[in-house]
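Undergrad: Structure incoming, see below.
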Amino acid sequence: MIILLIAAFIGIALFEAPGLVQRKYWRELTAFLLFLVAAFILALLQVLGVKIPNPVKGIEVLVKYFLSLMS
Amino acid sequence: MLEKGKISSSQLTFLIAGFTLGSSLILSPGLVAGHDAWLAVLAGLGSSLLIAFIYTTLAVKFPGKTLVQINDIIFGPYLGKLITIGYLWYFFHLASLVLRNFSDFFVGLIYPETPIIVFLIFITLTCASAVRNGIEVIARTSIILLFVTACATFLTTVLLVKDMEFTNLLPVLDLPLKQFIKASYAATTFPFGETVVFLMVIAFLENTKQAKPSVTLGLILAGILLVVASVRNISVLGVTEPIHTYDSYQAVRLINIGEILTRLEIIVVGNFLAMGFLKISVLYYGTVLGTAQLLNLRSYLPLVLPIGILMVILSILQFESTIENIHFAFDIYPYYVIPFQFGIPLFSLIVAVVRGLPKKAKEGSK
């Protein structure tokens, strides 16, 4: 599963990066790599079964707090 | 310019209609109002026309500018960027919510043994290819897809006429006013108010002046189809309607014309997915284009796949079960979207008028 994940990410990098390097789009390449690395870390943690904090839970708490202020 | 494509006003109309139908075809809006859901949808449509007026006024004031650039002009570079990040999160999160809704729908009803990740990945890949091709391609597909969906909605309604009990719609408005207002408010935020993402798209309209009529027409078109679907579901399913999470699917399943025309739901589900594809694509496009503009990139293409992966991850992460998803959609979502759908657009418009900004923007664009 992890090998599959790594293969998929390397595939995406090979799909996008050469064109960017050819056109000397360094800024775009940096942004692409940043997002890709972030996505890879999160995906890897999920595959390994590590609990990642859920942003939607935070939104729920926030909304409930504001609703309790209203009533 | 990040996006070279241009869309015509009729394409915008169909795109908005398809976007609005999106996931509301599977999760009917206004369910809280019981058998008056169709009235709640109508009320939601009415109030959403007012909100859409705010969005289009903003878009017409700043022709050729997307939401990211509008925020920069109105609130300055720092506060503007902060608001933009909030919006990008909202579009991103909404896209992953819709993705999750559709995948839950498929896993729950049609493919119970398939892992949900399969649907998430394949829907995202399809949308990624659409987003890479640009808004023009998405807008062109919307005409065909919406036409098919409109036909399917009317056809299923006609085929169900013999099962309909119009007394199920009576008594009209027999519920507390507060509950009705809550239901119509929920219908305003989901699906109509979500058109706020079109502030990213209207910039590419050939003639910006036509934004107002085409957005209004698109919303009305979607509203009519939703009301037809809602009346069909209520009159067919009656009091059992609120029990079914996916009531359109349940109603269409009951089609039975002489034991020959049965099990039509799978065809209709294809249409639902087509509308979901439009909705996810537009939101996905808005997120990717907005991020590229925020980071001052020359092309948004490299961001498409990484953001798509993040979307899939958030989709899996955010809910542990369909029940949590439904709870979020009905109890949290209507309040969560207040700043994005009403607060900030209204505030932007007021600030823009007070500061007399459109003139300045014209000078800047020369």
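Undergrad: What residues qualify as long-range amide H neighbours of B:Ile7, i.e. H under 5 Å apart, gap of 5 or more or another chain, H built at 1.01 Å from N?
TA: B:Leu205, B:Glu206
Undergrad: Whole-Hz Karplus ³J(HN,Hα) for segment B:271-281, in order, using 6.51 cos²θ - 1.76 cosθ + 1.60 and θ = phi - 60°, x for Gly and Pro?
TA: Each residue of segment B:271-281 in turn: 5, 4, 5, 4, 5, x, 4, 4, 5, 5, 4 Hz.
Undergrad: From the P(r) of segment B:278-366, can you give the percent of Cα pairs sitting at distances over 21 Å? Numbers along the way, then the final one.
TA: On the way: 2250 of 3916 pairs.
Result: 57 percent of Cα pairs exceed 21 Å.
Undergrad: Follow-up. How large is the dipole of chain B about the Cα centre if only Lys and Arg carry +1 and Asp and Glu carry -1, each at its Cβ, rounded to the nearest 20 debye? Display every interim value, and only then the final one.
TA: On the way: 23 positive and 19 negative charges, 356 e Å.
Approximately 1720 debye in magnitude.
Undergrad: Going by how many other beta carbons lie within 10 Å of each one, how would you line up B:Asp331, B:Asp104, B:Asp72, fewest first?
TA: B:Asp331, B:Asp72, B:Asp104
Undergrad: While we're looking at this one, here's another question. Once the dipole of chain B is set up with Lys and Arg at +1 and Asp and Glu at -1 on Cβ about the Cα centre, which of B:Pro213, B:His244, B:Pro191 lies farthest towards its positive end?
TA: The residue sitting farthest along the positive end of the dipole is B:Pro213.
Undergrad: Further question on the same structure: Hydropathy first: keep DSSP H helices in chain A averaging at least 1.6 on Kyte-Doolittle, then drop any whose Cα extent along the axis falls short of 27 Å, and list what survives. It would help to have the intermediate numbers written out before the result.
TA: Details: long enough: A:2-22 (30 Å, 2.16); A:26-48 (32 Å, 1.99).
Membrane-span-like by this criterion, though nothing is claimed about a membrane: A:2-22, A:26-48.
Undergrad: Let me ask something else about it. Taking the Cα centre of segment A:2-70 as origin and charging only Cβ (+1 Lys, Arg; -1 Asp, Glu), how large is the dipole, in debye to the nearest 20?
TA: Using Cβ point charges on Lys, Arg, Asp and Glu, segment A:2-70 gives about 100 debye.
Undergrad: Let me ask you something else. Which order do the peptides B:307-313, B:285-291 come out in when sorted by mean C-beta neighbours inside 10 angstrom, highest first?
TA: On the way: B:307-313: 23.7, B:285-291: 26.9.
Top to bottom by mean Cβ count within 10 Å: B:285-291, B:307-313.
Undergrad: May I ask for the net charge around B:Ser23, where only other residues with Cβ less than 14 Å from the Cβ of B:Ser23 are counted and Lys, Arg are +1 while Asp, Glu are -1?
TA: The answer is -1.
Undergrad: Sticking with this structure for a sec: At B:Tyr111 and B:Leu49, where each label point lies 7 Å from the Cα along Cα→Cβ, what is the point-to-point distance in nanometres?
TA: In this crude label model, B:Tyr111 to B:Leu49 measures out at 4.1 nm.
Undergrad: Ok, one more. What order do you get for B:Glu136, B:Glu3 when you list them from fewest to most C-beta neighbours inside 10 Å?
TA: Arranged by neighbour count, lowest to highest, B:Glu136, B:Glu3 become B:Glu136, B:Glu3.
Undergrad: Something else about it: Given the options B:Ser299, B:Ser248, B:Ser315, which has the most mean-square fluctuation in a GNM of chain B, springs set between C-alpha atoms less than 10 angstrom apart?
TA: Answer for the Gaussian network model of chain B: B:Ser299.
Undergrad: Taking the Cβ of B:Ile116 as the centre, find all other residues whose Cβ is under 13 Å away and add up their charges (Lys, Arg: +1; Asp, Glu: -1).
TA: -2
Undergrad: Just counting partner chain Cβ atoms within 10 Å, what average do the residues of peptide B:273-279 show around their Cβ?
TA: Mean partner shielding for this stretch: 0.
Undergrad: Using the charge dipole of segment A:2-70 (Lys, Arg: +1 at Cβ; Asp, Glu: -1 at Cβ; taken about the Cα centre), state which of A:Trp26, A:Met70, A:Ala13 has its Cα farthest towards the positive end.
TA: My answer, from the dipole projection, is A:Met70.
Undergrad: Report the Cα centroid-to-centroid distance between segment B:284-342 and segment B:237-274 in angstrom, as an integer.
TA: 29 Å
Undergrad: Sticking with this one: Please work out the FRET efficiency for the pair A:Leu4 and B:Ser8, using the Cβ-Cβ distance as r and a Förster radius of 56 Å; give the result to the nearest 0.05.
TA: 0.85
Undergrad: For the charge dipole of segment B:59-161, defined by +1 on Lys and Arg C-beta atoms and -1 on Asp and Glu C-beta atoms about the Cα centroid, which residue among B:Ala95, B:Gly76, B:Ile110 has the Cα displaced farthest towards the positive pole?
TA: Farthest towards the positive end: B:Gly76.
Undergrad: Around B:His327, what is the net charge, scoring Lys/Arg as +1 and Asp/Glu as -1 over all other residues with Cβ under 14 Å from its Cβ?
TA: Values: positive: A:Lys57, A:Lys64, B:Arg100; negative: A:Glu60, B:Asp104, B:Glu320, B:Glu324, B:Asp331.
Counting the neighbours of B:His327, the net charge comes to -2.
Undergrad: Please report the spacing between the Cα centers of segment B:138-198 and segment B:67-94 in Å, no decimals.
TA: Cα centroid to Cα centroid, the span is 31 Å.
Undergrad: Which whole number gives the average count of other chain Cβ atoms within 10 Å of the Cβ atoms across peptide A:30-36?
TA: 6
Undergrad: Volume per residue, Å³, of the convex hull around the alpha-carbon atoms of segment A:2-70?
TA: On the way: hull volume 7.2 nm³, N = 69.
Here the figure is 104 Å³ per residue.
Undergrad: With +1 assigned to the C-beta of every Lys and Arg and -1 to the C-beta of every Asp and Glu, and no other charges, what is the dipole magnitude of segment B:1-109 about the Cα centre in debye, to the nearest 20?
TA: So the magnitude is around 360 debye.
Undergrad: Counting other C-beta atoms within 10 Å, which of B:Glu113, B:Glu265, B:Glu320 has the fewest, and how do the rest follow?
TA: B:Glu113, B:Glu320, B:Glu265
Undergrad: From Cα pairs below 8 angstrom and at least 6 apart in sequence, can you work out the relative contact order of chain B, rounded to a whole percent?
TA: Once normalised by length, the contact order is 39 percent.
Undergrad: Same structure, new question: Using label points projected 7 Å from each Cα along Cα→Cβ, tell me how many nm separate A:Leu69 and B:Arg132, to one decimal.
TA: 4.4 nm
Undergrad: Can you pull the one-decimal nm distance between simple spin-label points at A:Lys51 and B:Val148, each 7 Å off the Cα toward Cβ?
TA: 4.4 nm
Undergrad: Roughly how tilted is helix B:177-189, in degrees to the nearest 10 and between 0 and 90, from the longest Cα axis of chain B?
TA: Tilt of helix B:177-189: around 60 degrees.
Undergrad: Over segment B:9-360, what portion of Cα pair distances is larger than 40 Å, expressed as a whole percent?
TA: The calculated P(r) of segment B:9-360 puts 11 percent of pairs beyond 40 Å.
Undergrad: What do you get for Rg/Rh over the protein assembly as shown if you use C-alpha atoms and the Kirkwood form of Rh?
TA: Result: Rg/Rh = 0.97.
Undergrad: Kirkwood Rh, segment B:94-147, all Cα pairs: how many Å?
TA: Kirkwood radius, segment B:94-147: 12.3 Å.
Undergrad: Further, regarding this structure: Starting from 0.36 nm per residue, how many nanometres of slack lie between B:Glu320 and B:Ile85 once their C-alpha separation is accounted for?
TA: Net length gain for the segment: 82.0 nm.
Undergrad: How crowded by other chains is B:313-325, given as the mean number of beta carbons from other chains within 10 Å of each beta carbon?
TA: Partner-chain Cβ atoms within 10 Å, mean over residues of B:313-325: 3.
No lab work stands behind these numbers, since they all come straight from the coordinates. Everything numeric in this text was worked out from a predicted model, so none of it was measured. With ideal geometry, Cβ positions are generated from the backbone for all residues, glycine too; neighbour counts draw on all protein chains shown.
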